[in-house]
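Following: one structure in structure tokens, then a few remarks.
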Ligand code: ADP
């Protein structure tokens with residue numbers, strides 16, 4: 001399906017969402033693989049027409065849009081009327097999820113608005129309150145696997161902050177901090193450090209792919225792979241427009257003229273930052289982030305383990321090493337099948353049977369790769385000058401070798417394009433573009449993550465792995481788990497890769513995800529982050545004391561956003577105007593429409 005010559009991916013020189021020049025060749029190759037796998041045209045017409053949000057007539061909506069255009073300029077407001085385009089990671093849509101789990105026209109915007117300043121963000125928020133139109137803020141909108149740029153409520157107006165608010169406002173080379181606007185990507189921040197000659201002095205921490213925004217990723221509590229991998233934990237200071245339009249700065253930013261906004265996150269009084277992450281309580285217009293000093297050397301290492309059953313003993317070996325910082329970074333323990341799929345080929349290259357690929361098949365193919373035949377791969381990094389690294393690496397080596405059949409793969413034996421080197425770049429502060437290759441496993445490849453958190457323990461890893469395997473087998477999916485090991489917990493990331501054009505497969509993926517969420521909760525595990533379609537279900541699993549946490553969230557929501565205009569339903573938090581009208585998507589709702597039955601006309605008419 002790939003056209004003979006695909007247009008070149010925009011670079012950072014021409015678009016804030018662009019690829020650094022140094023990665024253009026990778027983008028060109030990745031794009032060709034993605035387009036080879038597309039079986040349908042990239043652009044399609046909206047069968048259901050302009051998605052007007054519930055609670056407003058088409059006429060009133062269009063007149064409100066005209067009003068907004070005259071306030072901030074025609075070119076900064078776009079209706080989403082006729083056609084939408086899916087694109088790919090580097091040229092993604094800002095109107096919908098290009099990897100839909102439900103029908104493609106469920107989580108979709110009616111319009112996109114591009115504020116150019118904090119004052120315009122405030123103006124748009126006041127406009128939304130006046131007309132009771134739901135707004136959905138995005139920074140870049142590449143939150144793929146969790147809903148991308150899509151709003152939870154059909155017909156919301158997407159506020160794309162990144163397009164016109166994408167400045168790096170400060171890089172402080174003495175304090176190792178920066179202050180950024182929403183449209184600054186990891187690619188852009190890294191390139192700027194290089195441009196200023198600071199890369200030898202300080203590093204950013206980036207996720208597997210560098211195209212997301214520093215703000216959006218931290219707000220959704222994403223992780224990276226240096227010792228600074230907890231992005232939310234590493235931020236310092238927010239500037240936020242509240243849902244009623246007031247502007248606040250948190251931490252030391254509340255003190256006019258303070259030079260400590262990016263140095264001390266707490267300020268004085270309650271630490272409010274937390275309510276703005278994974279929520280719908282405010283629009284973040286600036287964020288401070290800490291940067292990691294270059295540790296003076298680094299060395300990636302990779303170990304393979306032979307048996308599925310090595311997982312438990314390995315985790316029990318990892319825990320004390322990680323907590324005591326001998327294992328220093330957010331490392332990954334990946335399943336062998338994922339190291340095969342990240343080569344970027346469709347699964348049919350290896351096997352064309354139905355249901356999960358048999359172990360004997362993928363292990364045979366793994367023999368031809370740099371990892372060799374294995375069940376698990378550990379990717380890690382040691383930091384510091386050689387003698388410091390040698391000390392830690394020797395401990396790790398002897399501990400890992402307590403598992404029979406453990407092999408250390410010598411980096412010198414690995415070709416330059418081996419995935420190992422991508423992990424090496426990422427764990428040393430250089431964003432890359434390799435990770436998305438496993439999306440090509442399926443035609444029209446889409447992915448959604450199941451991401452439960454557990455302690456770093458063999459018992460927990462085995463319980464989650466066994467449960468995920470059973471549910472994947474039931475629904476006929478290949479299981480490709482990766483454990484990302486934090487300091488005292490690990491996130492299991494299971495990406496289900498499916499064909500977005502195959503309705504049956506989408507429903508099976510949803511069923512599989514919903515079953516895993518329920519199973520995990522029954523075992524005592526909760527997700528750290530989830531897709532739009534699953535937020536209500538996940539939120540409902542956090543139900544101590546008759547759902548006291550959601551009652552608190554609802555109280556905050558009603559106080560901060562009385563008209564319920566900001567990202568209704570995000571993270572399962574529904575404003576009063578929507579509550580009790582069937583908007584929640586819960587465990588039994590596979591394949592259901594995302595909408596409820598109307599909204600209350602005004603906040604004042606709602607019994608709170
Ligand atoms: P990325 O920048 O990594 O592509 P997104 O822009 O998709 O991430 O944002 C991830 C999630 O965080 C979105 O679903 C959105 O609701 C929320 N978000 C992103 N940016 C902001 C912001 N500036 N203010 C409030 N919420 C935001």
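The values are calculated or read from the model by the stated rules, or taken from the named source; none is laboratory data. As the structure is a prediction and not an experimental result, all values here were calculated from the model. Here Cβ is always computed from backbone atoms with ideal geometry, including for glycine, and neighbour counts include all displayed protein chains.
General observations
- Segment 136-150 residues that are under 11 Å from residue 217 (Cα atoms) and not assigned by TED's automatic domain parsing to the domain that holds residue 278, paired with ones that are outside any loop (DSSP other than H, G, I, E, B) and near the ligand (Cβ under 6 Å from one of its atoms) (beta carbon under 6 Å, 6 or more apart): 139/213; 139/215; 139/216; 140/213; 140/216
- Within segment 37-65, being touching a residue at least 40 places away in the same chain (Cβ under 8 Å), part of a helix (DSSP H, G or I) and surrounded by 15 or more Cβ atoms within 10 Å (Cβ to Cβ) holds for 61, 64, 65.
- Any strands (runs of 3 or more DSSP E) falling wholly within segment 449-519 and containing at least 3 residues that are more than 15 Å from residue 315 (Cα to Cα): 489-499
- Checking each residue in segment 168-182 for being out of contact with any helix residue (DSSP H, G or I) (no Cβ under 6 Å at 6 or more places or on another chain) and near the ligand (Cβ under 10 Å from one of its atoms) picks out only 181.
- Given (1) out of contact with any strand residue (DSSP E or B) (no Cβ under 7 Å at 6 or more places or on another chain); (2) more than 15 Å from the ligand (Cβ to nearest atom), index of the condition residue 230 fails: (1)
- Residue among 233, 197, 211 that alone is surrounded by fewer than 20 Cβ atoms within 10 Å (Cβ to Cβ) and assigned to a loop (DSSP other than H, G, I, E, B): 197
- Selection status of residue 285, more than 14 Å from the ligand (Cβ to nearest atom), on the phi < 0 side of the Ramachandran plot and not in a loop (DSSP other than H, G, I, E, B): no
- Residue count for segment 188-217, restricted to those that are in contact with a strand residue (DSSP E or B) (Cβ under 8 Å, 6 or more places away or on another chain) and within 16 Å of the ligand (Cβ to nearest atom): 12.
- Test: residue 220 is modelled with pLDDT of 95 or more and within 11 Å of the ligand (Cβ to nearest atom): yes
- One residue alone among 165, 159 is within 10 Å of the ligand (Cβ to nearest atom), farther than 30 Å from residue 585 by Cβ and either surrounded by fewer than 22 Cβ atoms within 10 Å (Cβ to Cβ) or at pLDDT 95 or above (or both), and that residue is 165.
- Qualifying residue in segment 381-399 (condition: in contact with a helix residue (DSSP H, G or I) (Cβ under 6 Å, 6 or more places away or on another chain), farther than 30 Å from residue 504 by Cβ and modelled with pLDDT of 95 or more): yes
- If the condition is being closer than 21 Å to residue 297 by Cβ and either surrounded by 15 or more Cβ atoms within 10 Å (Cβ to Cβ) or within 33 Å of the chain's Cα centre (by Cα) (or both), then segment 386-412 contributes 389, 392, 393, 396, 397, 408, 409, 410, 411, 412.
- Residue that is nearest to the ligand (Cβ to nearest atom), among those in segment 553-588 that are at positive phi and within 26 Å of the chain's Cα centre (by Cα): 567
- Candidate set: segment 233-244, residues that are within 14 Å of the ligand (Cβ to nearest atom) and in contact (Cβ under 8 Å) with a residue 60 or more places away in the chain; chosen: the one farthest from residue 558 (Cα to Cα): 239
- One residue alone among 82, 31 is buried (at least 17 other Cβ atoms within 10 Å of the Cβ) and under 30 Å from the mean Cα position of the chain (by Cα), and that residue is 31.
- Residues satisfying the stated conditions in segment 136-156, i.e. more than 10 Å from the ligand (Cβ to nearest atom) and either farther than 23 Å from residue 188 by Cβ or touching a helix residue (DSSP H, G or I) at 6+ places or on another chain (Cβ under 9 Å) (or both): 153, 154, 155, 156
- Test: residue in segment 401-414 that is closer than 23 Å to residue 320 by Cβ and free of Cβ contacts under 8 Å to residues at least 24 places away in the same chain: yes
- Segment 260-282, residues that are in contact with a helix residue (DSSP H, G or I) (Cβ under 9 Å, 6 or more places away or on another chain) and more than 16 Å from the ligand (Cβ to nearest atom): 260, 261, 262, 263, 264, 265, 266, 267, 268, 269, 271
- Residues within segment 423-447 that are assigned to a strand (DSSP E or B) and either touching a helix residue (DSSP H, G or I) at 6+ places or on another chain (Cβ under 6 Å) or surrounded by fewer than 23 Cβ atoms within 10 Å (Cβ to Cβ) (or both), tallied: 2
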